[in-house]
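Only one structure is covered here, and it is reproduced in the block below.
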2 protein chains.
Amino acid sequence: MYDDWAERFRALGDTTRLRILSLLSVRDACVCELVELLPISQPAVSQHLRKLKQAGLVDEYRQKSWTFYRLRADMPLHIADWVRELKADESDVLWLQTHHVGALCTNRDT
Amino acid sequence: MYDDWAERFRALGDTTRLRILSLLSVRDACVCELVELLPISQPAVSQHLRKLKQAGLVDEYRQKSWTFYRLRADMPLHIADWVRELKADESDVLWLQTHHVGALCTNRDT
DNA sequence: TCACTATATCATTATATACTTATATCCTAG
DNA sequence: CTAGGATATAAGTATATAATGATATAGTGA
C-alpha cells in the first residue's frame, strides 16, 4: 500500500544520495563528475544513481560519451519542495560552476 | 551534513512505519492498539516506535497504564505536509473510531 | 505487598544495504 | 572495426535493519 513511498523515502535515507541530489539541484552532472566530488568509487556512485532512478527522483540522458543525471521534473510534489530547499555545500557549488565535463575528461569546454 | 534528514527519511522508508503514521494521523494510539492492528509482534512495534521517535516524528505520553504515541506537532514542515495527506486504510480508520483502549484491554469488546 | 498488564530491551537470525574490486557493456573517435 | 574512456553489472564482504521469542521494567489496583 505504501510501497512506492517507502521506496522513495529509503532512497532519500542516505547522506551520500542526499548529497547527490544537492549536487543535481545545482546543475545536471555526469557520473564522472559525481565521482570526482564524492569520496566513493565509481561503481558505488553508479549504484546510488540507480536507486535514485528507481525511486523516480532522477533520470538520465546521454550527451557525447557521458551519461548525465538530472532531477526529475515530475518528482512527487512534497519531495520536490523539499529538494528545492536542499542546499549544496558551497565548495560543491563552486566546483560545479567552475568545471565542465569536457575539461575534466578529454576535450575542453562544453 | 544531511544526517538528520537522512535519519528522518530512513524512518519513513518502511511500510510498517508509514502505516503507523497513518494510524496516528487518525488519532493518538497506545502501543497495545497498534499491536492489535499490525501483523507483527509487540517488540517489533515498540522498536518501530522508537525509530519514529528518534527521528522526531512522534512522541509519547502516559495515560493510566498506557503509553500513547502521537504525531509530533513540530515535525519538519514538508514531512508534516506529506503526513497530512497520508490516508489510513479505511478498515484501520473504522477500528480506531470504534475501539478505545479501555475496552480493548480490560474488557473484551468487539 | 503482590499479581497483572503494558511496554521496553536483549539476544539472535535472516535479509537488505553500501561499499569494494574485477569485469562487462556501451559509445565515440579514428 | 578497434581502442579507449565512461558507465553498469557482478561478486564478495561488512554493517544495518526488521523480525522473533525471552526477559526485564514500570505502573495499577486489589
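Return the Rg/Rh value of chain A, two decimal places, where both radii are evaluated on C-alpha atoms and Rh is the Kirkwood radius.
For chain A, the value is 0.97.
Which value in Å does the Kirkwood hydrodynamic radius of the range B:15-77 take, with 1/r averaged over all unlike C-alpha pairs and then inverted?
In the range B:15-77 this quantity evaluates to 11.6 Å.
So if I restrict to the alpha-carbon atoms in the range A:1-45, what is the Rg, and what is Dmax, the biggest pairwise distance, in Å?
My reading of the Cα-based Rg and Dmax gives 12.2, 39 Å.
Run the label-point distances for B:Lys53 please: 7 Å along Cα to Cβ, every other copy, nanometres, shortest first.
Label-point separations across copies, in nm and ascending: 4.2.
By the scheme Lys and Arg +1, Asp and Glu -1, what is the net charge of all other residues having a beta-carbon under 13 Å from that of B:Gln47?
Numbers: positive: B:Arg17, B:Arg50, B:Lys51, B:Lys53; negative: B:Asp14.
Net charge around B:Gln47: +3.
With no solvent and one equal point scatterer per Cα, compute the Debye intensity ratio I(q)/I(0) for the protein assembly as shown at 0.11 Å⁻¹ and report its log10, rounded to two decimals.
Taken in order of the listed q values, log10 I(q)/I(0) reads -0.62.
When each copy gets a label point 7 Å from Cα toward the beta-carbon at A:Leu86, what are the spacings between them in nm, shortest first?
In ascending order, 2.0 nm.
Name the residue, out of A:Lys64, A:Lys87, A:Lys51, whose mean-square fluctuation peaks in a Gaussian network model built on chain A with Cα pairs under 10 Å.
With Cα springs under 10 Å in chain A, the top fluctuation among A:Lys64, A:Lys87, A:Lys51 is at A:Lys64.
So, in nm, how far is label A:Glu60 from label A:Glu36 when the simple model puts each one 7 Å beyond its Cα toward the Cβ?
Using points 7 Å along Cα→Cβ, the separation is 1.9 nm.
We did not get these values from a lab; they are worked out from the coordinates using the rules stated. Everything numeric in this text was worked out from a predicted model, so none of it was measured. Neighbour counts are summed over all protein chains in view; Cβ atoms, including those assigned to glycine, are modelled from backbone coordinates with ideal geometry.
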